[in-house]
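Asker: Here it is, the structure, as structure tokens.
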């Protein structure tokens, strides 16, 4: 269950980074994501799981769209995410979480996000372990 929570956080962070890339300023984002564990194996370091998170987002600039994250969870949660906005522009980001701290990094994208970069922090506001759905809030500082 804890693995799903970490995956959820990574996806939300990635989405927030996507929105940050539009301008050099601080802004906020809210993500709602559904997680799927693709495969899981036991290792000497514990459980290692592949995951996919999909959902929707909205930001403080009035943008909204869908997002997909693909990653893994072991001792850390890590994912690559694509966040697509209402204009079809895509932001590329990565999300990482170790312990209770979550960070996202924006790595550019297409259209208005082509030269975007920045960093974010995120928090999981709500998460249901039975259905693997979460609500994430993100705060970013972005440079374009």
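The values are calculated or read from the model by the stated rules, or taken from the named source; none is laboratory data. Just so it is clear, the model here is predicted, and its values are computed rather than measured. We place every Cβ from the backbone using ideal geometry, glycine too, and count neighbours over all the protein chains shown.
Asker: Of the conditions (1) surrounded by fewer than 18 Cβ atoms within 10 Å (Cβ to Cβ); (2) touching a helix residue (DSSP H, G or I) at 6+ places or on another chain (Cβ under 8 Å); (3) free of Cβ contacts under 8 Å to residues at least 40 places away in the same chain, residue 89 fails just one. Which one is it?
Answerer: Unmet for residue 89, out of (1) surrounded by fewer than 18 Cβ atoms within 10 Å (Cβ to Cβ); (2) touching a helix residue (DSSP H, G or I) at 6+ places or on another chain (Cβ under 8 Å); (3) free of Cβ contacts under 8 Å to residues at least 40 places away in the same chain: (1).
Asker: Can I ask one more? Pick from the stretch 82-101 the residues that are within 21 Å of residue 40 (Cβ to Cβ) and modelled with pLDDT of 90 or more: which of them is nearest to the chain's Cα centre (by Cα)? Can you show your working first?
Answerer: Pass one, the stretch 82-101, residues within 21 Å of residue 40 (Cβ to Cβ): 95-99.
Subset that is modelled with pLDDT of 90 or more: 95-96.
Numbers: 95: 6, 96: 9 Å.
Filtering first and then ranking leaves 95.
Asker: Given 113, 122, 35, which one is modelled with pLDDT under 95, within 26 Å of residue 25 (Cβ to Cβ), over 11 Å from the mean Cα position of the chain (by Cα) and buried (at least 20 other Cβ atoms within 10 Å of the Cβ)?
Answerer: 113
Asker: Given the residues 68, 56, which is the only one that is surrounded by fewer than 18 Cβ atoms within 10 Å (Cβ to Cβ) and touching a residue at least 12 places away in the same chain (Cβ under 8 Å)? So that I can check it myself, show each step before the final result.
Answerer: On the way: 68 fails: surrounded by fewer than 18 Cβ atoms within 10 Å (Cβ to Cβ).
Sole residue among the options that is surrounded by fewer than 18 Cβ atoms within 10 Å (Cβ to Cβ) and touching a residue at least 12 places away in the same chain (Cβ under 8 Å): 56.
Asker: Looking only at the stretch 108-122, count how many residues are free of Cβ contacts under 8 Å to residues at least 60 places away in the same chain and either part of a strand (DSSP E or B) or touching a helix residue (DSSP H, G or I) at 6+ places or on another chain (Cβ under 6 Å) (or both).
Answerer: Qualifying residue count for the region: 0.
Asker: For the subset of the stretch 41-53 comprising residues that are touching a residue at least 24 places away in the same chain (Cβ under 8 Å) and in a strand (DSSP E or B), which member is farthest from the chain's Cα centre (by Cα)?
Answerer: Here is the first cut: in the stretch 41-53, the ones touching a residue at least 24 places away in the same chain (Cβ under 8 Å) are 43, 45-49, 51, 53.
Going one step further and asking which of them are in a strand (DSSP E or B), we end up with 43, 46-49, 51, 53.
Numbers: 43: 26, 46: 23, 47: 21, 48: 19, 49: 17, 51: 12, 53: 8 Å.
In this case the residue turns out to be 43.
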